[in-house]
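Shown next, in structure tokens, is the structure this report addresses.
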Amino acid sequence: MNKIQYLIFLFLNIVSNCQITEISDSDWYSSGNFLIKELTKNNINEIKGFPYTNSKYEQGEIIFSNGNRYNAYLRLNAAEQKFEIKNLKTFEIADFKLDENVKVRFNGDLYYLHSININGSDQIVIMEECYLGEKYSLFYFPKKVIEYPKKNRTPAPSSGFEKSELPLWKSDNSYVVKYLDKYFILPKSHGKVLDLNLAPKATYKKYRKENKLSLNNKESLIEFIKFLNKI
């Protein structure tokens, strides 16, 4: 069995309830860097929590640009920006990285790749589509990072045994506004949002007061993006 045949065999055994009978070689080649592989057994016991948005696998759908769709049990690794698939019969686990030809519908939301600039660095990330507008659009960027415990400057009394605190997976999620072809990570404070000049300051302040705009609420932000597209 050659490499391509093995990958196809692995995919079809992991993806359950597929809506077509097979995935062709053209699907693989046209998908660019789309990759499916068995996961290595990494030891993550030295970090509290998990790098996933949810540790449980939930039913989702893989959507190819050529129209092919597959049902699968998925979870999103927000640290490594990739989805993982689980076969509920064999309990085999595989992962795959998206490319511009593949989208995933997960928990009712659509996820796909975006190229955004973060702190001066261009990065390819997975984001949830929240609202698409003619000028302004809204996306949700799920991300997890490792937070290391702060060192105590005052040494603890010597007891012959010292227990060190473990680092933990910390959510570092954000909402992202796209204006035409540019992305802006939405700050957590209204003052910093004003600096983005998404709307005139007086207009923003009036809208915020009258609509009780919350920068942490998806529905509230969607209404704000709709408002921006009208002015």
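The values are calculated or read from the model by the stated rules, or taken from the named source; none is laboratory data. All of these numbers come straight from a predicted model, not from anything done at the bench. Reconstructed Cβ throughout: ideal geometry from the backbone, glycine too, with neighbour counts over all protein chains shown.
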(Q) Within the range 75-131, take every residue that is charged (D, E, K, R) and closer than 20 Å to ILE225 by Cβ and give me the one that is surrounded by the fewest Cβ atoms within 10 Å (Cβ to Cβ). (A) ASP109
Q | Residues (more than 19 Å from PHE141 (Cβ to Cβ), of a type in the set (Lys, Arg) and part of a strand (DSSP E or B)) located in the range 53-85 | A | ARG69
Q | Whichever residue in the range 114-163 is farther than 22 Å from VAL104 by Cα and part of a strand (DSSP E or B) and, among such residues, is modelled with the lowest pLDDT | A | ILE118
Q: Report yes if ALA94 is touching a Lys or Arg at 6+ places or on another chain (Cβ under 7 Å) and modelled with pLDDT under 90, otherwise no.
A: yes
Q) Can you name every residue in the range 91-113 that is assigned to a strand (DSSP E or B) and charged (D, E, K, R)? A) ASP95, LYS97, LYS103, ARG105, ASP109
Q) Looking only at helices (runs of 4 or more DSSP H) that fall completely inside the range 173-231, which ones have 1 or more residues that are touching a residue at least 40 places away in the same chain (Cβ under 8 Å) and of a type in the set (A, V, I, L, M, F, W, C)? A) 218-230
**Q.** Top-ranked residue in the range 27-52 [being at pLDDT below 90 and part of a strand (DSSP E or B); ranked as surrounded by the most Cβ atoms within 10 Å (Cβ to Cβ)]
**A.** ILE36
